[in-house]
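Values quoted throughout were computed directly from the atomic coordinates according to the rules given, and no laboratory measurement underlies them. All values derive from a computational prediction rather than experimental measurement. Note that we place each Cβ from the backbone using ideal geometry, even for glycine, and neighbour counts take in every protein chain shown.
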Amino acid sequence: MKSTDHYAQKFGITSYFKLQLPLTAFQFASKLGAMTPYSEIGIFSDLEDIFSSDHRTYIKGMVTDKHFQIKHKAQLFDFGKHSAIINGFINQNSDGIEIIVKVSSLKIIHKIYFVMVGMFLILFLLQALISLVFLDRWVLVLIPFLILFTIFTFLIPILFLRYSTSKMHAYFNGLFVYLAQKNNVPS
């Protein structure tokens, strides 16, 4: 049986990338840590971001010289860019460092949401099939509404999660390459 990460990657909700950078793990962690205030990344941490007045930092999380977990700070009208969490591992080698990064917008709250909506759809379909067996034709009228319900409850959230993952994938890929350049010190 395949895991949820496999399906999340297939739908574009999770992505991976590797970078080879010409600096040490300590240099990379100090540059990234200088622009990343320490903060727990949890379900309700976005509410703290929206109502904070600090607009100087755009990234928050935890950075060490072996691992980092960061995310883009939420803003009031951000519309989903902040939902992606970036987990990365830093491996030191002879050429510099290799960073293996996972960008994922799928959180436990999204999994619970999709399971509950899926169960509702399955129960509705079973009830509709039972009604068709007993020759109740009124169920055929509800099929367009079921299609609209499916679009609004599955497709639109998946599109928002894909957008967040792709934007943060590109943003952090560029940021890590920028940090690896010789004289770049974050402000």
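Return the FRET efficiency for the residue pair residue 114, residue 145: r is the Cβ-Cβ distance, R0 is 22 Å, and the value is rounded to the nearest 0.05.
Values: r = 20 Å, r/R0 = 0.90.
Here the calculated transfer efficiency is 0.65.
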| What residues have an amide H closer than 5 Å to that of residue 97, excluding those fewer than 5 places away on the same chain, when H is modeled at 1.01 Å from N in the peptide plane? | 21, 23
| P(r) weight above 14 Å for region 101-187, C-alpha pairs, percent | 75 percent
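Find out how many positive minus negative residues lie around residue 15, taking Lys and Arg as positive, Asp and Glu as negative, among other residues whose Cβ is under 14 Å from that of residue 15.
Values: positive: 10, 18, 102, 162, 167; negative: 5.
Taking every other residue near residue 15 into account, the sum is +4.
Please sort 128-139, 15-26, 109-120, 156-167 by packing, taking for each peptide the average over its residues of neighbouring beta carbons within 10 angstrom, highest first. Show your work: numbers first, answer last.
Working: 128-139: 11.0, 15-26: 14.8, 109-120: 12.6, 156-167: 18.0.
Descending mean neighbour count gives 156-167, 15-26, 109-120, 128-139.
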| remark: Full extension between residue 11 and residue 62 adds, at 0.36 nm per residue less the Cα distance, a length in nm of 15.6 nm
| query | Relative to the present Cα-Cα distance, how much length would full extension add between residue 92 and residue 132 at 0.36 nm per residue of separation? | reply | 8.1 nm
| Whole-Hz ³J(HN,Hα) from phi, Karplus 6.51 cos²θ - 1.76 cosθ + 1.60, for region 123-133, glycine and proline x | 4, 5, 5, 4, 5, 5, 5, 5, 5, 5, 5
| Roughly speaking, what is the stretch gain from residue 125 to residue 107, that is 0.36 nm per residue apart minus the C-alpha to C-alpha distance, in nm to one decimal? | 3.8 nm
